[in-house]
Amino acid sequence: MSARFTVLAAALVVGSLAWLPHRSTAAPAPLATLARTPPMGWNSWNHFSCNVDEQTIRETADAMVSSGMRDAGYRYIVIDDCWQVSRDANGALVADPQRFPHGIKALADYVHSKGLRFGIYTDAGTNTCQGRPGTLGHEDQDARTFASWGVDYVKEDWCHAQHLDAPIQYAKFRDALSRTGRPIVLSICEWGSNQPWEWAPRIGNLWRTTDDIEDTWSSMLDNLDQSAQHATAARPGAWNDPDMLEVGNGGMTAEEYRAHFSLWAIMAAPLIAGNDLRHMTPEAVETLTNREVIAVDQDSLGAQGILVWERPPELQVWAKPLRDGSRAIALLNRSSSPARITASFARAGLRSDSADVRDLWSHADLGRFGREFATTVPGHGVVLVRATSVR
Ligand code: GLA
């Protein structure tokens, strides 16, 4: 059975369950009160990798405001790996003094002064993926350091940690964060290697489901297919994370980036931009700030959309139920040439014969349709609509 077929089979089996409230135990406060909708923000890794410094982060915060991204809902500015160089005599993490001469606290203050929140990166093991000091054995100390700097979000990676038990180790850090008394979002990053969808909803606010995304159409689709298998685990406060966005990084076409953004919204994925916000094309800004698509992602029902129809190997329909009873429907053409795709309203979970359909990229009401909506979808593209039952 092909990987995509397995995904379809799994999606169909769990399809009806996916949209029911989930039963497992809630995360402890204050964690459970955070990220009631998928976190939105920016992270340095996809574009800058280790090349981070305080000037870049400040300019990024400025650009998040001036581009309109803050007003569209983006909140967290997250510095990924390589900000840290060592531990001091007391064991506290030390930021690179050349790259962050004013220290992390001053940078967090600056980010906060822009009406944004501040995030940072560490690793559950002895070292980060880039060989910087990790948090193993320093859980309480690092949590206290982060809280004293005004950190609002921590991404905890899993390099040099493979010998450890992931649920135990992440719970240790969650408890350390809780003891600081500061509300801090916990982003679990063990790449889906220990079935995090089974335990991470009780421990973190989001958990990676895949290896690192690359700025290519095929990598984006791989991450979609893998994250889609765990739709039942997602709920307010706890989200599958198919990795950060590549929109604006240049490896895909504008059409492909619109598809990427649409599919992340359908999956209720965290929307963490990963491009250089200081130098964006108008198309990148338009994609990242499309409020109608963001509203799909941020819908308060908090259900992850699922695959509801497929003509293998390339034509698919995905649907996400929204709080008001309507459905966001993505018609995805994975092939490289245009194709006609039909979305059945019944398959998408609507219970009426006809529905009003609105296109969320052209921002146009397309009219009233009976039983189904069909359209031609460009190659490597998505048509994303919102369908509302007519009663
Ligand atoms: C891992 C993570 C990435 C990034 C790098 C940093 O690969 O999955 O998202 O944080 O480490 O080294």
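Counting residues in segment 298-313 that are aromatic (Phe, Trp, Tyr) and open to solvent by 20 Å² or more (accessible area, probe 1.4 Å) gives one or more. Could you grab me the full set of residues in segment 250-279 that are more than 24 Å from Leu322 (Cα to Cα) and open to solvent by 40 Å² or more (accessible area, probe 1.4 Å)? Passing the criteria: Gly250, Gly251, Thr253, Glu255, Arg278, His279.
With respect to the conditions (1) within 16 Å of the ligand (Cβ to nearest atom); (2) crowded, with 22+ Cβ neighbours inside 10 Å, Pro38 lacks only one, and its number is (1). Figure legend. Inter-residue proximity from segment 189-214: first residues on the phi < 0 side of the Ramachandran plot, second residues open to solvent by 60 Å² or more (accessible area, probe 1.4 Å) and of a type outside the set (Asp, Glu), beta-carbon distance below 7 Å, spacing 6+ or different chains. Indicated pairs: Arg202/Thr25; Thr209/Gln226; Thr210/Gln226. Once segment 331-377 is narrowed to residues that are more than 20 Å from Glu310 (Cα to Cα) and in contact with a Leu (Cβ under 8 Å, 6 or more places away or on another chain), the residue that is most open to solvent (accessible area, probe 1.4 Å) is Arg358. For Lys172, are the conditions met, namely being open to solvent by 10 Å² or more (accessible area, probe 1.4 Å), within 16 Å of the ligand (Cβ to nearest atom), closer than 26 Å to Arg87 by Cα and not in a loop (DSSP other than H, G, I, E, B)? Spelling it out, it is not the case that Lys172 is open to solvent by 10 Å² or more (accessible area, probe 1.4 Å), within 16 Å of the ligand (Cβ to nearest atom), closer than 26 Å to Arg87 by Cα and not in a loop (DSSP other than H, G, I, E, B). Look at segment 363-391: where a residue is farther than 21 Å from Thr253 by Cα and a partner is of a type in the set (A, V, I, L, M) and open to solvent by 50 Å² or more (accessible area, probe 1.4 Å), sitting 6+ places away or on another chain with Cβ atoms under 8 Å, you get Arg371/Ala346; Phe373/Leu366.
Can you pull out every residue in segment 207-219 that is open to solvent by less than 50 Å² (accessible area, probe 1.4 Å) and either touching a Leu at 6+ places or on another chain (Cβ under 8 Å) or within 11 Å of the ligand (Cβ to nearest atom) (or both)? Selection gives Arg208, Thr210, Ile213. On inspection, Gly131 fails the criterion of being open to solvent by less than 10 Å² (accessible area, probe 1.4 Å) and within 16 Å of the ligand (Cβ to nearest atom).
The values are calculated or read from the model by the stated rules, or taken from the named source; none is laboratory data. None of the values given here were measured: they were computed from a predicted structure. Heads up, the Cβs are rebuilt from the backbone with ideal geometry, glycines too, and the neighbour counts pull from every protein chain shown. Accessible surface is based on the protein model in full, side chains and every heavy atom, while ligands, DNA and RNA are left aside. Shrake-Rupley method; radii C 1.70, N 1.55, O 1.52, S 1.80 Å.
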